[in-house]
Number of protein chains: 2
Amino acid sequence: MIICATIAELKAELARRRGQSPNGLIGLVPTMGYLHEGHASLMRRAADDGAFTVVSVFVNPLQFGPNEDFERYPRDLERDAALAEKNGAALLFAPSVAEMYPAKPLTRVLISEVTTKLCGASRPGHFDGVGTVVSKLFNLVQPGRAYFGMKDAQQVAVIQQMVNDLNIPVEIVPCETVREPDGLAMSSRNVYLNAEQRVQALVLSRTLGDAGKLLTEPGMTASRLVAEATARIRTAPLAEIDYVELLTYPSLHPLDPDLPLAETDAQLILALAVKFGATRLIDNRLFQPTGGGRHVQNNDEIEASPSHSH
Amino acid sequence: MIICATIAELKAELARRRGQSPNGLIGLVPTMGYLHEGHASLMRRAADDGAFTVVSVFVNPLQFGPNEDFERYPRDLERDAALAEKNGAALLFAPSVAEMYPAKPLTRVLISEVTTKLCGASRPGHFDGVGTVVSKLFNLVQPGRAYFGMKDAQQVAVIQQMVNDLNIPVEIVPCETVREPDGLAMSSRNVYLNAEQRVQALVLSRTLGDAGKLLTEPGMTASRLVAEATARIRTAPLAEIDYVELLTYPSLHPLDPDLPLAETDAQLILALAVKFGATRLIDNRLFQPTGGGRHVQNNDEIEASPSHSH
């Protein structure tokens, strides 16, 4: 695996690669590092596609708010490189902040509407930073496909919107959330949790699992489902709710709170953001409409299972 | 010359071209159509570079204000196609508004600071629309080089800033303003001028020519140069000044009004926007710093000359 710290090295390696295989697929897995099994599953997916897989590791200051965890966000490039290589990455791009932003950047890629809900409401400016850095990475790597985890479902929706609007020549490949054996969604931020928080954080995946059952109850509405999910999360004393929302996906439109959910044809997302101490965790679940009813996607993913799923 | 009205056609033609010549240069000349000798000079420059030249013709609604001339902006695709073919274009891309914006676009490429001065101040939102549509065209065509006329010097500065900030893999080639034999800068909007306005509009190029001489006067300052230029433009009774500004280029920073210009090392731009009736014309001139003095660029371009210059 090649490791590049500069844009010049990256471009030289990619030009060499393109010279050897002009029509070869380049796959990009953009990450903020501190890689885990979720990231690994994205790399394996790219390898399954036969791609020359580029993994970027860059903790992007532009997408952190002034009171967020940019400084203390976990970093371990040596470990990341080992994990990337083991999972088939061909090139690891790990630039410094000065390399990515050599001068004060004056350009922002701003996506409206889909960025105002959920994490966009809780983290003002976050998706402006995401759209901008992902644009830069797309322009630098020029991948045919880019792989993103569905734990950040809103991020996937935002990036797909940007790709559509700006005609960016890349296929976005959303990949299923990977979970710990007990159901907790994998996240680099999980390392912040102490033992008690770690146990109580299971309330997120359990709530999403329960929602699949609740949804099939006759007459279930958006407002009742959100109320039930909120009540379940509140059973964990350390849980401090940021949001619990049921929206359409990927457009993230609100639902009529009193309309029976069986009567909507849209794909829905139940999205959760909950703090345990200083650590903010997110998780979500998609529900697919099927003729005359609603199908719960990836039910098995959410229940505790004895092995990693992806 | 191939003419494409849809993105699908454009992509198919470009893929075919790239298959034939994987390392061949693609040159893009983005225009709003109603092509004139200025556009032709950009196409010839691309042809001189050996590029497969793509000319886009698209009157972009996103860059017009609500009270501007989007509806009445002149259009003549047949004439444009003939001019493009005659000047060596290989492909003309002329999409409809619905083709470029099939759904309400939620994404904007916003460039700050360099967009707040000059035309950015007079036309709020204008450069947001420019940045967004040029991003789209770059993503659709993926040119190695893109050619822009320096009559829109601020546009060149804004696009270069965007390219730098977002790492867009394209080289921006600024090309000299092309003028009518009597000095008027070529513009699609010149057709709006009646005979009297057309004569008085020469005050712009004349003022820029005079500025080159004024600049060499000992102790000349920014405020005096702007005052002298303003006074010259006011000699034309139909001229209604939007702005007359002397700034650094390309960063468009203001100058200390009382500092002798000989003491600044920056490249400077004298930029004019003046209305004649309902028609707003722009023109500008760059002044290069040279060791201990200032060099007037392209002096011959500005003076009346018996033939087209470019």
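The values are calculated or read from the model by the stated rules, or taken from the named source; none is laboratory data. None of these values were measured; they are calculated from a predicted model. All Cβ positions, even for glycine, are placed from backbone atoms using ideal geometry, and neighbour counts span all protein chains on display.
Laid out as a table, the results:
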| quantity | calculated |
| --- | --- |
| Considering residues of segment A:58-84 that are hydrophobic (A, V, I, L, M, F, W, C) and part of a loop (DSSP other than H, G, I, E, B) only, the residue farthest from A:Ser122 (Cα to Cα) | A:Phe58 |
| A:Glu176 vs. criteria within 30 Å of A:Leu35 (Cβ to Cβ) and without any contact (Cβ under 8 Å) to a residue 60 or more places away in the chain | no |
| Residue match in segment A:272-284 (condition: hydrophobic (A, V, I, L, M, F, W, C) and without any contact (Cβ under 8 Å) to a residue 12 or more places away in the chain) | no |
| Any hit, segment B:23-32, residues being within 14 Å of another protein chain (Cβ to nearest Cβ) and part of a loop (DSSP other than H, G, I, E, B) | yes |
| Segment B:248-289, residues that are among the β-branched types (Val, Ile, Thr) and farther than 27 Å from B:Asp69 by Cβ | B:Thr248, B:Thr264 |
| Criterion: buried (at least 23 other Cβ atoms within 10 Å of the Cβ), among the small types (Gly, Ala, Ser) and under 20 Å from B:Lys151 (Cα atoms) - qualifying residue of B:Gly120, B:Gly125, B:Gly131 | B:Gly131 |
| Pick from segment A:102-131, criterion of a type outside the set (A, V, I, L, M) and without any contact (Cβ under 8 Å) to a residue 24 or more places away in the chain, ranking: farthest from A:Lys11 (Cα to Cα) | A:Thr116 |
| Any hit, segment A:100-114, residues being closer than 26 Å to B:Arg108 by Cα, under 17 Å from the mean Cα position of the chain (by Cα) and surrounded by 15 or more Cβ atoms within 10 Å (Cβ to Cβ) | yes |
| Evaluation of A:Phe148 against (1) within 19 Å of the chain's Cα centre (by Cα); (2) modelled with pLDDT of 95 or more; (3) crowded, with 20+ Cβ neighbours inside 10 Å; (4) within 14 Å of another protein chain (Cβ to nearest Cβ) (one fails), failing number | (4) |
| Filter pass, B:Glu228 being of a type in the set (Asp, Glu) and under 30 Å from B:Leu140 (Cα atoms) | no |
| Subset of segment B:100-145 [more than 10 Å from every other protein chain (Cβ to nearest Cβ), charged (D, E, K, R) and in a loop (DSSP other than H, G, I, E, B)] | B:Lys117, B:Arg123 |
| Selection status of A:Asp69, of a type outside the set (Ser, Thr, Tyr), closer than 21 Å to A:Thr6 by Cα and assigned by TED's automatic domain parsing to the domain that holds A:Gly131 | no |
| Answer from A:Val226, A:Val163 - the residue that is of a type outside the set (D, E, K, R), assigned by TED's automatic domain parsing to the domain that holds A:Ser112 and either surrounded by 15 or more Cβ atoms within 10 Å (Cβ to Cβ) or not in a helix (DSSP H, G or I) (or both) | A:Val163 |
